[in-house]
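Notes to accompany the following structure.
The values are calculated or read from the model by the stated rules, or taken from the named source; none is laboratory data. Here the structure is a predicted model, which is why all the values come from computation and not from measurement. All Cβ positions, even for glycine, are placed from backbone atoms using ideal geometry, and neighbour counts span all protein chains on display.
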Amino acid sequence: MKHTKLFVGVAALALMAGAATAETFKMQTFLGVTAATTTAFEDMAASLKERSGGAIEIQVFPSGAVVGPTETLEAVRNGLLDGHYTGPTFFAGVDPAFAVLGDTLSAYPDVDVRDNWFTEGGGLELGRALYAKYDMHMICAIHWPQEQIPSTVPIRSVDDFQGIKIRAPGGLPSDLLTRAGASLVNLTPGDAIGALETGVLDASDLANVGLNMAFGMYQNAPYSIFARHSMPVTEMSVSAAKWNALSDTAKNQFEEACNGLSDTLKTTLGEQEVAAIEKAKNELNVEFIEFGDADAEKFRNMLLEVWEDWGSRNDDARAIVDSHKAYMTSLGIL
């Protein structure tokens, strides 16, 4: 009988110890419940829970389920959320360094080269230093495809942006497009669809081809412009206190899962993008226009002006700009 009681007591202590080391993370994404990014995150959460033996459990909430997309940073600090999978540009109004971290515009030839800045050029460390100031730990950057601009008129060069009326969301991309001569119009994506039809807009900056198609942007815009005007960053961050409560093993598992999600989405979103481009071409007769090397260089030179402005706004923004320029120089881009 004594042995039985002893066994029960030891088992209970073991369960209590296991419960003490388990961490639940309430995390919100930046897109809706059916988006590929959200469903892939849910799959990651289930896999991570199993792999960690229950030490990490993530409750995934789609965009807007808890707070608005620009409010997740504050929601984590207030305890409403424990983390997010989103883009730093949502917090440009909080700190200009988030704007610089969140979109590299025309700096790099493609997102793969840009993403290497995080792993090889010190970008992840700079991102973590920035988020740490807001009591968060950035786990990893996550792949997001290159963006294109639906347009009612052909834009074949940087000079062709002169006088173009374009819907843009603000921040660095809007700054760059303004320097190219575009006239910005503040409209929601939904309102932009009708504005393209009526001529209020000539073009609309929104997202990649897949999301542009999903929003119906190409219904009235027979051109898609690949100008490398915007290369947004998405990332996953959690409460620093919750992160520090994890064991080293659990932290490694979380990082591996985050990087695995990025690899998964590179494949999934890439396949969706190819399918969306083919559908736009074959069903809507959309013409895809890509800027050549000369215009890519011209836009890159304009970017340096944008960076000079935004980099002067605080030390963190300057550190990110300087790091990008050093990495681009090492690659022979600058």
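Would you say residue 101 is within 13 Å of the chain's Cα centre (by Cα) and crowded, with 19+ Cβ neighbours inside 10 Å? The answer is yes for residue 101. Exactly one residue among 191, 175 is under 27 Å from residue 100 (Cα atoms) and not basic (Lys, Arg), and that residue is 175.
Restricting the search to the stretch 31-72, which residues are part of a loop (DSSP other than H, G, I, E, B), under 28 Å from residue 189 (Cβ atoms) and not polar (S, T, N, Q)? Before you say what the answer is, go through the steps one by one.
Filtering the stretch 31-72 down to residues part of a loop (DSSP other than H, G, I, E, B) leaves 31-35, 52-55, 62-71.
Right, trim to under 28 Å from residue 189 (Cβ atoms) and you get 31-35, 62-71.
Matches in the stretch 31-72: 31, 32, 33, 35, 62, 64, 65, 66, 67, 68, 69, 71.
Entry remark, the stretch 134-155: residues being farther than 26 Å from residue 268 by Cβ, buried (at least 21 other Cβ atoms within 10 Å of the Cβ) and of a type in the set (Val, Ile, Thr) number 1 in total. The criterion of at least 3 residues that are touching a Leu at 6+ places or on another chain (Cβ under 8 Å) and under 19 Å from residue 237 (Cβ atoms) is met, among helices (runs of 4 or more DSSP H) falling completely within the stretch 90-174, by 96-102, 123-132.
Screening residue 110 against (1) closer than 24 Å to residue 243 by Cα; (2) in contact (Cβ under 8 Å) with a residue 24 or more places away in the chain leaves a single unmet condition, (1).
In the stretch 1-29, of all residues being at pLDDT 50 or above and surrounded by fewer than 20 Cβ atoms within 10 Å (Cβ to Cβ), the one that is nearest to residue 137 (Cα to Cα) corresponds to 24.
Pairs meeting the criteria (first residue in the stretch 156-185 and without any contact (Cβ under 8 Å) to a residue 40 or more places away in the chain, second residue of a type in the set (Val, Ile, Thr), beta carbons under 6 Å, at least 6 apart or on different chains) are 165/185; 167/185; 182/164; 182/166. Given the conditions (1) surrounded by 16 or more Cβ atoms within 10 Å (Cβ to Cβ); (2) in a loop (DSSP other than H, G, I, E, B); (3) at negative phi; (4) not hydroxyl-bearing (Ser, Thr, Tyr), which single one is not true for residue 200? (1) is the only condition that residue 200 fails. Of all residues in the stretch 73-98, exactly one satisfies the criterion of being buried (at least 17 other Cβ atoms within 10 Å of the Cβ), of a type in the set (Asp, Glu) and under 26 Å from residue 23 (Cα atoms), namely 82. What do you reckon, is residue 82 at pLDDT 95 or above, among the acidic types (Asp, Glu) and more than 21 Å from residue 260 (Cβ to Cβ)? So residue 82 does not fit the description; no.
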